[in-house]
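Report on one structure; see the data block that follows.
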Amino acid sequence: MIRTTATVTSNEAILPGISRSGARTVLSSHLIWFNCPGIASQARPGQFVMVRCGDCTLPRPFSIHQVKNDHLALLFTVWEDGKGTAWLAQRQIGDSVGLLGPLGNSFTIKPTAKNLLLVAGGIGVAPLHFLAQEALTNGKSVTLLLGAQTVTQLYPENLLPGRIKLFKATDDGSFGKKGWVTGLIPEFADWADQVFACGPIGMYRDMALRKQQFRLAGKPVQISLEMRMGCGFGVCYGCTIKTTNGLKQACKDGPVFDLDEIPPDELNPI
Ligand SMILES: Cc1cc2nc3c(=O)[nH]c(=O)nc-3n(C[C@H](O)[C@H](O)[C@H](O)COP(=O)(O)OP(=O)(O)OC[C@H]3O[C@@H](n4cnc5c(N)ncnc54)[C@H](O)[C@@H]3O)c2cc1C
Ligand code: FES
């Protein structure tokens, strides 16, 4: 774990905003790159960094989205009511930002697994991009199911690694299969040796409760739990979660857990 000051090398909005009835408004989604050799050299897919956002009392957690040599990228949603993400969105090239990381455990790819199914709900593509990069480098076959509320919120295809097989779904049917991205899972579950998911907590609940329907029964599924966090490294106990193996801290024991390890009752939207 390294505490460092990283230099911003680019920061651009890659997705527009969207206002959602009954839910928080999104102003945009940004891809920010940092020159940060210390963390970049140690980072594993699934890990995250805590970002010191201006004068916010608490740092904010973000998954490591991509790593290229000395650089790492974060993909983040800017919330209308979000002080930290508004600050981060305003950073310019050359600005300094305090980062702590890499934190948490990571996704685990079994050496025997050949076919990996990645399920991304919205901004949940953030840690899965890094996982896909690593898996493809290691000769695995990777299929990504990418979901969003509407076509304008779909992560740009040209930013994904070239050899990935991509299938899309939108809640409103404006592109790809209509409905939640989980609706695509049954078409690919039998092919997959392992499944990795990141998205809203309701997506995990759906997967946990409808395993048979999704053809996921007996299949190893890893999820990344994006809970609220205070410290990010096991000190404040703000991220404690009940698991089948007792109480765990999402920041230290996670954020990656086996889906079977989390009782569905714990998977309630915050
Ligand atoms: C391990 C981990 C990895 C994450 N990775 C990413 C990522 O890659 N990209 C990304 O966009 N986001 C990610 N998040 C979520 C991200 O940390 C929050 O969106 C961010 O901290 C919000 O900061 P803010 O200052 O804009 O909002 P705040 O000012 O902190 O909060 C605004 C409102 O949102 C609520 N809120 C804050 N955080 C959460 C949360 N986690 N869940 C539900 N409500 C919340 C607050 O209670 C408040 O009402 C991750 C979270 C975790 C724990
Ligand atoms: S966020 Fe402090 S213990 Fe997990």
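Overview of results
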read-out	value
Sum of -39500 (n - 2.57) over DSSP H runs of 4+, divided by residues of the chain (222 nm, nearest 500)	-4000 deg cm²/dmol
Linear extension gain, Ala113 paired with Arg24, 0.36 nm per residue minus alpha-carbon span	28.2 nm
By average C-beta atoms within 10 angstrom, highest first, the peptides 237-248, 201-212	201-212, 237-248
Mean Cα-pair separation over length for region 2-103, i.e. relative contact order, pairs under 8 Å, 6 or more apart, %	38 percent
Highest average packing first - 91-99, 222-230, Cβ atoms within 10 Å	222-230, 91-99
Residues of type lysines that Lys177 reaches as a straight line, Cα spacing below 23 Å, ignoring anything fewer than 8 places off in the same chain	Lys165, Lys168, Lys211
Rounded D (µm²/s) - the chain, Kirkwood Rh over Cα pairs, Stokes-Einstein at 10 °C, 1.306 mPa s	85 µm²/s
Relative contact order (%) - criterion: Cα under 8 Å, at least six apart; region: region 116-192	31 percent
Relative contact order (%) - region 115-266, alpha-carbon pairs under 8 angstrom, separation at least six	20 percent
Relative counts (whole %) of C-alpha pair distances in region 130-270, using bins that are 5 Å wide	2, 9, 17, 20, 20, 16, 11, 5, 1
Region 62-77-region 244-270 distance, computed between alpha-carbon centres (Å)	24 Å
Against the rule of thumb 2.2 N^0.38 Å, how large the Cα Rg of region 2-103 comes out	1.04
Extension gain from Thr150 to Phe167, taking 0.36 nm per residue of separation minus the Cα-Cα distance	4.7 nm
Within straight-line cross-link reach of Lys252, aspartates and glutamates at Cα separation under 20 Å, skipping those fewer than 8 residues along the same chain	Glu226, Asp260, Glu261, Glu266
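Here, each number is a calculation from the coordinates, and none is a lab measurement. Just so it is clear, the model here is predicted, and its values are computed rather than measured. Note that each Cβ is placed from the backbone with ideal geometry, even for glycine, and that neighbours are counted across all protein chains shown.
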